[in-house]
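Reading through the structure tokens given below for one structure.
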Amino acid sequence: MSGVLVVMEQRGGKWNRMSFEALAAGQQLAAKLGVECSAAVMGGPGVDALATKLTSKKLAKAYTVQHDLLMDYTADGYIAALQQLIEHAGPDYILFPHTYQVRDFAPALATRFKQVLISDVIAIGHDSVGSAGPIFVRQLFQGRLNGNYRHAASGPCFVSVQAGTFRGDAVEEGTASAESFSPQLTPDQLRSKPGEPFREAAQTVDLSSAPVIVSVGRGIGEQENLGIVEELAQALGAELAASRPICDNGWLPMERQVGSSGQTVAPKLYLAVGISGAIQHLVGMKGSKSILAINKDKNAPIFEVADYGVVGDLFEIVPELTKAIQAAKA
Ligand SMILES: Cc1cc2nc3c(=O)[nH]c(=O)nc-3n(C[C@H](O)[C@H](O)[C@H](O)COP(=O)(O)OP(=O)(O)OC[C@H]3O[C@@H](n4cnc5c(N)ncnc54)[C@H](O)[C@@H]3O)c2cc1C
């Protein structure tokens, strides 16, 4: 096979939804290049049950890479198994969803082929596909700049696709022939033991039905400063939400996280306070009817989706805004 291979991600028999975004990216790249697109799913015994989901897509092959030692994720196991699959199938482009797991193993896999991983791609320049190949766009400096990358080396090109860049529901239906691939793996190849997997945000607070949301980001600086946004939320009768770093730090519960690995919201008003506007955050809130952003950096990407932008220090603006709202309500 020369063409595109998309490596899907599953855990415990459940798909990671970003896999289908990567699959859509793979199909579109293959169509533009005029080559075939295939997909692979890896895991322990029973993972073949997922292959039926792939055989109903417009793909050349749907590979099931199955082995007892792939039951739980380990970087060593995945790298060894995928190296063998890539040597067997011979794709020119290998696409992954840009998940935590992929970030863990894909750079080392690319190195096995003397390549680098073009990671976290937000667009593929299909129009410029020519003899020089497609352009892969990555964000730099927290989204302030876009960089164009082209695969120049001989050998396969490894790319991971950022969440929300392609639509999972754009995957083309069709048929694919199923192929089982049994990698050669031995326990001594696995140098690490799997620990507790990363827990995605639980959804016990339903932010999706909130009409007004005040969402706070790393610009707040310290947990002790959260009081000023809590007061603003209270004055507005809003739910409090946050970007990922705030929840990762444990400053607010995970269930209040908005974004690709948190909740998707579409309130009448979304007030983003000290949030830069990384794509993983934007995919969770850009459907809001009205977006107001407060950020001291006038070039912050959040202003590209904001209906109203306030450039300034949140520590000056938020308390004044709260006072004005309280006064208007009195
Ligand atoms: C696989 C994956 C999944 C992810 N999922 C999510 C997700 O679901 N949700 C999510 O949010 N992120 C997610 N992320 C993380 C994401 O890439 C960004 O790192 C994150 O959104 C940045 O959060 P932030 O905007 O709060 O922080 P930063 O990017 O650090 O931005 C802080 C902003 O505050 C501004 N600021 C600083 N001080 C002040 C001040 N005094 N007044 C006003 N403005 C100020 C700065 O100018 C800056 O723009 C994910 C990442 C990956 C790789």
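The values are calculated or read from the model by the stated rules, or taken from the named source; none is laboratory data. Predicted model only: the values in this text are computed from it and were never measured. In this analysis, Cβ positions are derived from the backbone assuming ideal geometry, glycine residues included, and neighbour counts consider all displayed protein chains. When the accessible area is computed, the model is the full protein with side chains, heavy atoms only, and any ligands, DNA or RNA have been set aside. Shrake-Rupley method; radii C 1.70, N 1.55, O 1.52, S 1.80 Å.
When you scan segment 260-269, do you find a residue that is near the ligand (Cβ under 9 Å from one of its atoms), free of Cβ contacts under 8 Å to residues at least 60 places away in the same chain and assigned by TED's automatic domain parsing to the domain that holds VAL318, even just one?
No - not one qualifying residue is present in segment 260-269.
Return yes or no: is GLN223 more than 7 Å from the ligand (Cβ to nearest atom) and either surrounded by 21 or more Cβ atoms within 10 Å (Cβ to Cβ) or in contact (Cβ under 8 Å) with a residue 24 or more places away in the chain (or both)?
yes
Considering segment 145-160 alone, what residues qualify as being open to solvent by 50 Å² or more (accessible area, probe 1.4 Å) and either polar (S, T, N, Q) or not in a loop (DSSP other than H, G, I, E, B) (or both)?
If the condition is that a residue be open to solvent by 50 Å² or more (accessible area, probe 1.4 Å) and either polar (S, T, N, Q) or not in a loop (DSSP other than H, G, I, E, B) (or both), then LEU145, ASN146, ASN148, TYR149, ARG150, SER154 are the ones that fit.
Only one of (1) crowded, with 18+ Cβ neighbours inside 10 Å; (2) more than 20 Å from SER192 (Cβ to Cβ); (3) out of contact with any strand residue (DSSP E or B) (no Cβ under 8 Å at 6 or more places or on another chain) is not met by CYS37, so which one is it?
Answer for CYS37: the failing condition is (3).
For the condition more than 16 Å from the ligand (Cβ to nearest atom) and outside the structural domain of ALA306 (by TED's automatic domain parsing), what is the one hit in LEU236, LEU185?
Testing whether each residue is more than 16 Å from the ligand (Cβ to nearest atom) and outside the structural domain of ALA306 (by TED's automatic domain parsing) leaves just LEU185.
What are the pairs with Cβ atoms under 7 angstrom where one residue, in segment 63-88, is assigned by TED's automatic domain parsing to the domain that holds GLY46 and the other, located anywhere, is buried (at least 21 other Cβ atoms within 10 Å of the Cβ) and hydroxyl-bearing (Ser, Thr, Tyr)? Sequence gap at least six, or different chains.
TYR63/SER38; LEU85/TYR63
Of these, GLU255, GLU230, which one is over 20 Å from LYS329 (Cβ atoms) and open to solvent by 10 Å² or more (accessible area, probe 1.4 Å)?
Checking each option against the conditions leaves just GLU255.
How many residues are near the ligand (Cβ under 8 Å from one of its atoms) and open to solvent by 10 Å² or more (accessible area, probe 1.4 Å) if we restrict to segment 284-300?
Final tally of qualifying residues: 3.
Criterion first (touching a Pro at 6+ places or on another chain (Cβ under 9 Å) and more than 9 Å from the ligand (Cβ to nearest atom)) does ILE279 satisfy it?
Taking the combined requirement at face value, the residue does not satisfy it.
Would you say LYS329 is more than 11 Å from the ligand (Cβ to nearest atom), in contact (Cβ under 8 Å) with a residue 60 or more places away in the chain and basic (Lys, Arg)?
yes
Just for segment 73-94: of the residues that are open to solvent by 20 Å² or more (accessible area, probe 1.4 Å) and within 21 Å of the chain's Cα centre (by Cα), which one is farthest from LEU185 (Cα to Cα)?
Ranking the candidates gives TYR93 first.
Determine if segment 154-176 includes at least one residue that is at pLDDT 95 or above, under 28 Å from VAL258 (Cα atoms) and either more than 16 Å from the ligand (Cβ to nearest atom) or among the small types (Gly, Ala, Ser) (or both).
yes
With (1) free of Cβ contacts under 8 Å to residues at least 60 places away in the same chain; (2) open to solvent by less than 30 Å² (accessible area, probe 1.4 Å); (3) within 30 Å of PHE20 (Cβ to Cβ) as the list, and VAL273 as the residue in question, which single condition is left unmet?
(3)
Taking the stated definitions as given, is PRO97 within 16 Å of the ligand (Cβ to nearest atom) and either open to solvent by 20 Å² or more (accessible area, probe 1.4 Å) or under 16 Å from VAL159 (Cβ atoms) (or both)?
yes
Return yes when ALA272 is under 26 Å from the mean Cα position of the chain (by Cα), under 17 Å from VAL212 (Cβ atoms) and more than 10 Å from the ligand (Cβ to nearest atom) and no when it is not.
Here the answer is no, as ALA272 does not meet what is asked.
Of all the strands (runs of 3 or more DSSP E) wholly in segment 26-122, which have at least 3 residues that are over 18 Å from VAL161 (Cβ atoms)?
Per the criteria, 61-66.
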